[in-house]
Amino acid sequence: MAEKTSILKEQFLERLEKVKSLSDLDEVRVAFLGKKGSISELMKEMKNLAAEEKKAFGQTVNVLKDEVAEKIAEKTKELKEQEIERENNAMPEFDVSMPANLERGSYHPITLVQRQCEDVFRSMGFTVEDYGEIVTDYECFEAVNIPKHHPARDMQDTYYLENGQLLKTQTSAAQNAIYKKYRDALVNEGRPIKAIFPGRCFRNEATDACHENTFFQMEGVMVDKNISISNLIFFMKTMLSEVFGRDIKVRLRPGYFPFVEPGFELDINCLICGGEGCPSCKNSGWLELCPCGMIHPEVLRMGGIDPEEYTGFAFGLGMTRLAMMKYGIKDIRDLNGADLRNLAQFTE
Ligand code: DAH
């Protein structure tokens, strides 16, 4: 009988050594201590023994049973400690040594150009303003000198809400609010108004490669004493040279916009042919990029600024156009499409 218990003990120790996890250990526990386990089975053999042998047998089996239970308890503790240690040393969720994930997101080309323009203007002391997409008729038209029935409205049909508000057709819609926001600082503290406001604009247009009903502009204004067209040319030239990464030649042609006087079309030297003349610039050597001008006295007055004392310039940069030129995008509709093969290639 003693032999049987020592064989059983050896078997137990052998299996215990191979245990790697708590679930392995539980299997061993059931195999030896369970109701139908080897030790319980051994106990059942007691009834076949002579009365004088029973006591010694019972004691031996009980010692074995206690030993097995103790060893299982020890092993359980050891395995739990190992588990905690493993968790503590587990790899961090972000493995910094992993190669770059090529599936990462990218910025929209217009966002890239917008941020670049913002950085350049910020570095020249301009504030970057945020403005809504839904505006009133007053903001979009009246306050920029386009009263009801003015023919300039014909070129800017848009989408109207039932309450009479509309989706803004031009970032010029923010001019009035900006003048009102900063006029006290201008008048009382002599701080010039220098602001840009990028934003999405809408027009009821038939779309083709050059026209979209949704596009981006960036408006800019500067108002102070003695602001002249030279200031306008300087800021525009600096900004465009930074964005394109080379010195850009500009020229002004007369242009009509009700909110500026005089008004201009600002052209840049064609980036494709360098001014020689090519199909992209219709052989003129120049590309029309940014309408601008000296702010109309009436527009300043509506913004609460005395035009006898202050002057300023304004410009409306076509940001969608700029992005197309910078990245060589030929069809404006690609910018509003969802094809990532087009849109994702410009993020560095
Ligand atoms: N808002 C005009 C448009 O969308 C562009 C424009 C022209 C803005 C001249 C200006 C400006 O600030 O001075 O057609």
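The residues listed here are Asn176, Asn213, Asn231, Asn226; of these, the one that is out of contact with any His (no Cβ under 8 Å at 6 or more places or on another chain), polar (S, T, N, Q) and at positive phi is Asn226. Residues that are farther than 18 Å from Thr171 by Cα and within 16 Å of the ligand (Cβ to nearest atom) were ranked within segment 262-286; the one that is surrounded by the fewest Cβ atoms within 10 Å (Cβ to Cβ) is Pro262.
Evaluated against (1) touching a helix residue (DSSP H, G or I) at 6+ places or on another chain (Cβ under 8 Å); (2) on the phi > 0 side of the Ramachandran plot, Gly190 falls short on exactly one condition, (1). For segment 288-307, a residue qualifies if it is within 16 Å of the ligand (Cβ to nearest atom) and either more than 19 Å from Gln175 (Cα to Cα) or out of contact with any strand residue (DSSP E or B) (no Cβ under 6 Å at 6 or more places or on another chain) (or both), and the qualifying residues are Glu288, Leu289, Pro297, Glu298, Val299, Leu300, Met302, Gly303, Ile305, Pro307. So, in segment 165-195, of the ones that are out of contact with any Phe, Trp or Tyr (no Cβ under 8 Å at 6 or more places or on another chain) and within 13 Å of the ligand (Cβ to nearest atom), which residue ends up nearest to Ser228 (Cα to Cα)? Going through the qualifying residues, I end up with Tyr179. Restricting to segment 15-43, name every residue that is open to solvent by 20 Å² or more (accessible area, probe 1.4 Å) and in contact (Cβ under 8 Å) with a residue 60 or more places away in the chain. Listed by number, the list holds a single entry, Leu22.
Within segment 103-152, take every residue that is assigned to a loop (DSSP other than H, G, I, E, B) and aliphatic (A, V, I, L, M) and give me the one that is surrounded by the most Cβ atoms within 10 Å (Cβ to Cβ).
Residue satisfying both the conditions and the ranking: Ile146.
Within segment 308-317, restricting attention to residues that are over 15 Å from Asp184 (Cα atoms), in contact (Cβ under 8 Å) with a residue 24 or more places away in the chain and not small (Gly, Ala, Ser), the residue that is nearest to the ligand (Cβ to nearest atom) is Phe315. When segment 303-322 is filtered for residues that are open to solvent by less than 30 Å² (accessible area, probe 1.4 Å), assigned to a helix (DSSP H, G or I) and within 20 Å of Arg251 (Cα to Cα), the ones remaining, listed by number, are Met319, Leu322. Among residues of segment 214-240 being closer than 30 Å to Thr158 by Cα and over 29 Å from the mean Cα position of the chain (by Cα), the one that is nearest to the ligand (Cβ to nearest atom) is Leu232.
I'd like the full set of residues that are in a helix (DSSP H, G or I) and either within 29 Å of the chain's Cα centre (by Cα) or within 11 Å of the ligand (Cβ to nearest atom) (or both), limited to segment 153-164.
Across segment 153-164, the qualifying residues are Met155, Gln156.
Candidates are the residues of segment 85-102 that are assigned to a helix (DSSP H, G or I) and surrounded by fewer than 10 Cβ atoms within 10 Å (Cβ to Cβ); the one that is modelled with the highest pLDDT is Arg86. Of the residues Phe235, Phe259, Phe244, Phe215, the single one that is more than 27 Å from Gly125 (Cβ to Cβ), in contact (Cβ under 8 Å) with a residue 40 or more places away in the chain and open to solvent by less than 70 Å² (accessible area, probe 1.4 Å) is Phe215. For segment 193-209, taking the residues that are open to solvent by 60 Å² or more (accessible area, probe 1.4 Å) and outside any strand (DSSP E or B), the one that is modelled with the highest pLDDT is identified as Asn204. Leu300 passes all but one of (1) at negative phi; (2) open to solvent by less than 30 Å² (accessible area, probe 1.4 Å); (3) outside any strand (DSSP E or B); (4) at pLDDT below 90; which number fails? Only one criterion in (1) at negative phi; (2) open to solvent by less than 30 Å² (accessible area, probe 1.4 Å); (3) outside any strand (DSSP E or B); (4) at pLDDT below 90 is unmet by Leu300, namely (4).
The values are calculated or read from the model by the stated rules, or taken from the named source; none is laboratory data. Predicted model only: the values in this text are computed from it and were never measured. Backbone-built Cβ (ideal geometry, glycine too); neighbour counts: all protein chains shown. Ligands, DNA and RNA are stripped out before the accessible areas are found, and what is left, the full protein with its side chains, is counted by its heavy atoms. Shrake-Rupley method; radii C 1.70, N 1.55, O 1.52, S 1.80 Å.
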